[in-house]
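**Student:** Handing you this structure, nothing more for now.
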Ligand code: CTP
Ligand code: MG
């Protein structure tokens with residue numbers, strides 16, 4: 001099934017401490033955001049990319065898309081204050097076409113998502129309305145008050161959530177609309193669907209699908225890239 005992907009890339013990248021939006025950081029000689037765009041360019045089922053950017057970075061992003069010759073149509077639009085606002089702006093650009101298509105939401109800063117996981121995610125969302133990629137939590141998780149432990153959380157059943165997250169367009173648009181009206185800010189898009197009472201399914205992903213967030217993530221990213229070049233996983 002064909003889908004559109006909304007890629008939020010309108011952050012500041014503050015935690016990366018690179019002095020600029022991390023989307024423009026070079027990874028293996030190619031800008032981070034281009035790595036992410038190429039994954040979807042190489043997926044024949046992806047018919048359109050909505051790239052959400054900082055307004056003042058619109059031209060720079062357009063230039064990258066042209067320079068690297070991205071062949072899938074890319075619609076570049078300005079984002080908002082929080083990631084949730086940026087995604088909502090992106091979703092409003094997606095055409096329904098009367099078919100209520102599946103739409104994916106995927107962080108610009110998450111370049112290692114694999115095609116097989118996208119395929120499973122899309123078919124799961126098509127069947128159930130809402131699906132996310134996640135991995136089992138590996139660490140023991142504790143709750144604390146300040147730095148004093150108050151509880152150890154049962155690890156069984158805990159998942160660390162990634163993107164992409166996939167939804168029927170009408171479902172996620174209405175969730176975003178209701179959240180905006182109520183002033184509800186979630187930490188991911190699925191949480192808005194949950195908040196509306198929708199069932200969200202998990203597709204097990206893999207630990208390589210990292211989001212480049214802090215400086216050491218650049219080291220992990222280089223390792224993942226060189227491992228792939230060597231023909232491993
Ligand atoms: N994002 C966005 N609009 C915002 C904030 C974030 O489109 N107002 C995007 C980022 O560009 C990123 C994704 O959402 O691709 C995930 O956010 P995060 O990793 O937090 O990136 P930044 O917000 O850029 O980083 P930081 O929080 O460290 O400033
Ligand atoms: Mg952020």
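**Student:** Please go through region 14-35 and give me each residue that is within 14 Å of ligand 2 (Cβ to nearest atom) and part of a helix (DSSP H, G or I), ordered by number. Outline the logic, then answer.
**Tutor:** To start, the set of residues in region 14-35 that are within 14 Å of ligand 2 (Cβ to nearest atom) comprises 14-18, 21-23.
Across region 14-35, the qualifying residues are 14, 15, 16, 22, 23.
**Student:** Looking only at strands (runs of 3 or more DSSP E) that lie completely in region 124-217, which have at least 1 residues being closer than 22 Å to residue 86 by Cβ?
**Tutor:** Those strands (runs of 3 or more DSSP E) span 130-136, 159-168.
**Student:** Identify all residues within region 72-84 that are without any contact (Cβ under 8 Å) to a residue 60 or more places away in the chain and within 20 Å of residue 164 (Cβ to Cβ); write none if there are none.
**Tutor:** Once the filter is applied, which keeps residues that are without any contact (Cβ under 8 Å) to a residue 60 or more places away in the chain and within 20 Å of residue 164 (Cβ to Cβ), region 72-84 yields 72, 73, 74, 75, 76, 77.
**Student:** Check region 82-90 and report whether any residue there is surrounded by fewer than 17 Cβ atoms within 10 Å (Cβ to Cβ), near ligand 1 (Cβ under 9 Å from one of its atoms) and within 25 Å of residue 185 (Cβ to Cβ). Walk me through it before giving the result.
**Tutor:** Residues of region 82-90 that are surrounded by fewer than 17 Cβ atoms within 10 Å (Cβ to Cβ), as a first pass: 82.
Of the ones still in play, those that are also near ligand 1 (Cβ under 9 Å from one of its atoms) are 82.
Now drop any that are not within 25 Å of residue 185 (Cβ to Cβ), which leaves 82.
Yes, region 82-90 contains a residue that is surrounded by fewer than 17 Cβ atoms within 10 Å (Cβ to Cβ), near ligand 1 (Cβ under 9 Å from one of its atoms) and within 25 Å of residue 185 (Cβ to Cβ).
**Student:** While we're looking at this one, here's another question. Does at least one position in region 180-187 carry a residue that is modelled with pLDDT of 95 or more, farther than 30 Å from residue 228 by Cβ and surrounded by 16 or more Cβ atoms within 10 Å (Cβ to Cβ)?
**Tutor:** yes
**Student:** Being outside any helix (DSSP H, G or I) and at negative phi is the filter here, so list the residues in region 56-76 that pass it.
**Tutor:** Our first condition is that a residue be outside any helix (DSSP H, G or I); within region 56-76, this holds for 68-76.
Residues satisfying the conditions are 68, 70, 71, 72, 73, 74, 75, 76.
**Student:** Which one is surrounded by the most Cβ atoms within 10 Å (Cβ to Cβ), of the residues in region 188-215 that are within 16 Å of residue 11 (Cβ to Cβ) and out of contact with any strand residue (DSSP E or B) (no Cβ under 9 Å at 6 or more places or on another chain)?
**Tutor:** 213
**Student:** Would you be able to say whether some residue in region 222-229 is surrounded by 15 or more Cβ atoms within 10 Å (Cβ to Cβ), under 21 Å from residue 8 (Cα atoms), out of contact with any helix residue (DSSP H, G or I) (no Cβ under 6 Å at 6 or more places or on another chain) and modelled with pLDDT of 95 or more?
**Tutor:** Initially, region 222-229 is screened for residues surrounded by 15 or more Cβ atoms within 10 Å (Cβ to Cβ), giving 224-225.
Narrowing further to those that are under 21 Å from residue 8 (Cα atoms): none.
Within region 222-229 (the criterion being surrounded by 15 or more Cβ atoms within 10 Å (Cβ to Cβ), under 21 Å from residue 8 (Cα atoms), out of contact with any helix residue (DSSP H, G or I) (no Cβ under 6 Å at 6 or more places or on another chain) and modelled with pLDDT of 95 or more), the answer is no, since none of the residues qualifies.
**Student:** Using the structure shown, decide if residue 1 is modelled with pLDDT under 95 and surrounded by fewer than 21 Cβ atoms within 10 Å (Cβ to Cβ). Spell out the reasoning first.
**Tutor:** On the way: modelled with pLDDT under 95: yes; surrounded by fewer than 21 Cβ atoms within 10 Å (Cβ to Cβ): yes.
In short, yes.
The values are calculated or read from the model by the stated rules, or taken from the named source; none is laboratory data. No experiment lies behind these values; they were computed from the predicted model shown. Here Cβ is always computed from backbone atoms with ideal geometry, including for glycine, and neighbour counts include all displayed protein chains.
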